[in-house]
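The values are calculated or read from the model by the stated rules, or taken from the named source; none is laboratory data. Every value quoted in this text rests on a predicted model; they were computed, and no experiment measured them. Because the Cβ atoms are built from the backbone with ideal geometry, glycine has one as well, and the counts that use them run over all protein chains shown. Surface accessibility is based on the protein's heavy atoms, side chains included, excluding ligands, DNA and RNA. Shrake-Rupley method; radii C 1.70, N 1.55, O 1.52, S 1.80 Å.
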Amino acid sequence: MKVKRSERLIDMTRYLLERPHTLVSLTYFANRYDSAKSSISEDLTIVKKTFRERGTGTLETVPGAAGGVKFIPEIDKVEADEFVKEMCIRLSEQDRLLPGGYVYLSDLLGEPSVLRQVGKIIATQYLNEKIDAVMTVATKGVPIAQAVSSYLNVPFVIVRRDSKITEGSTVSINYVSGSSERVEKMELSKRSLKRGSRVLIVDDFMKGGGTVNGMKSLIDEFEAELVGVTVFAESTFSGNRMIDDYSSLLCVDEVDIRDKTIHVSPGNYYQVKK
């Protein structure tokens, strides 16, 4: 049954948004809507123009018999700036300060709208990189990894600090916590990551960088390749941080435990953006 153009445009847009970085042939759309390829091509031109003007992303055209279109989600700088500024304000709220100078993030990272923006910002940073998997450590980094992986359309893997029988055989390493300088353990299921994978590390918060450095060691154990490291927020650190090649969306640059004040600034995301 032939579909009206207005319905076709809506369904086509939804289909592309749900399948980022996936090549879809014109033949597929033509069969799906019982329409000529010329009509489909005109529709895609409209979708492409709208995506570009609204800052939704790019609709790439792949020529040839095996070609088609591919939706690449991204966020423009103005929208990203507005989001980061909003997060700086929300993260600077006094009641977020926890004992030991830690900052409460769980409510923010539980909001779908926040996670969507975080995922899109980080995915945009690695638009020109081939990524096979997104890695994080349980538990607070999991929603960020899931958000990023949905925009990159790749799996995400969870590193754990304790054994789970449901994980099967694991690879474990010992690492030194950057903030407490204690030796701790982390592990990853052998089935989680293929040898030679290109991996992006994401996490919610970083102080000394010990946890991220541990994940880098795990990536080496799997004979995989680290593409980059991005954290939602970092804090200033007086000691020697264990990693220096990373990006952050936010930076907690001043914490006064006595007065219970927090100052948060934009992170170094744009300085190191690829």
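Measure off, as a whole percent, the carbon and sulfur share of the 1.4 Å-probe accessible area of the chain, all protein chains present.
Working: 6910 of 14380 Å².
The computed percentage sits at 48.
Send over a whole-number figure in Å² for the accessible area per residue of the range 131-176, probe 1.4 Å.
Values: 2160 Å² over 46 residues.
I get 47 Å² per residue for this part.
Label-point separation (nm) for Lys37 and Gln146, each offset 7 Å from Cα along Cα-to-Cβ?
Each label point lies 7 Å from its Cα, and together they span 4.0 nm.
Could you calculate the contour length gain from Glu223 to Val3, that is, 0.36 nm times the residue separation minus the distance between their Cα atoms, to one decimal place in nm?
Working: separation 220, 0.36 × 220 = 79.20 nm, distance 4.94 nm.
The span from Glu223 to Val3 would gain 74.3 nm if fully extended.
Could you check which residue among Leu91, Leu193, Leu23 shows the biggest mean-square fluctuation in a GNM of the chain with a 10 Å Cα cutoff?
Top of the fluctuation ranking is Leu23.
At what distance in angstrom do the alpha carbon centres of the range 70-114 and the range 163-212 lie from each other?
24 Å
Between 0 and 90 degrees, rounded to the nearest ten: what's the tilt of helix 5-17 against the longest Cα principal axis of the chain?
That helix lies at roughly 30 degrees to the long axis.
Under the rule a/c < 1.5 gives rounded, and otherwise a/b versus b/c splits prolate from oblate, where does the range 141-218 land using the Cα gyration tensor?
In terms of gyration-tensor shape, oblate.
Which part of the range 186-215 falls in the paramagnetic zone of Lys164, meaning amide N under 18 Å from the point 7 Å along Cα-to-beta-carbon?
Residues 186-194, 202-204, 215 qualify, since their backbone N sits under 18 Å from the label point.
Is the shape of the range 1-75 best called rounded, prolate or oblate, per the rule: a/c under 1.5 gives rounded, else a/b larger than b/c gives prolate, else oblate, with a ≥ b ≥ c the square roots of the Cα gyration tensor eigenvalues? Don't jump to the answer; show the numbers that get you there.
Numbers: a/c = 1.83, a/b = 1.30, b/c = 1.41.
In terms of gyration-tensor shape, oblate.
Select from Gly210, Ile158, Thr230 the residue farthest towards the positive end of the dipole of the range 127-274; place +1 on Cβ of Lys and Arg, -1 on Cβ of Asp and Glu, and compute about the Cα centre.
The listed residue farthest towards the positive side: Ile158.
How big is D, in µm² s⁻¹, for the range 114-266 by Stokes-Einstein at 10 °C and 1.306 mPa s if Rh is the Kirkwood radius over C-alpha pairs? Let's see the in-between values first.
Working: Rh = 15.9 Å.
Estimated via Stokes-Einstein, D reaches 100 µm²/s.
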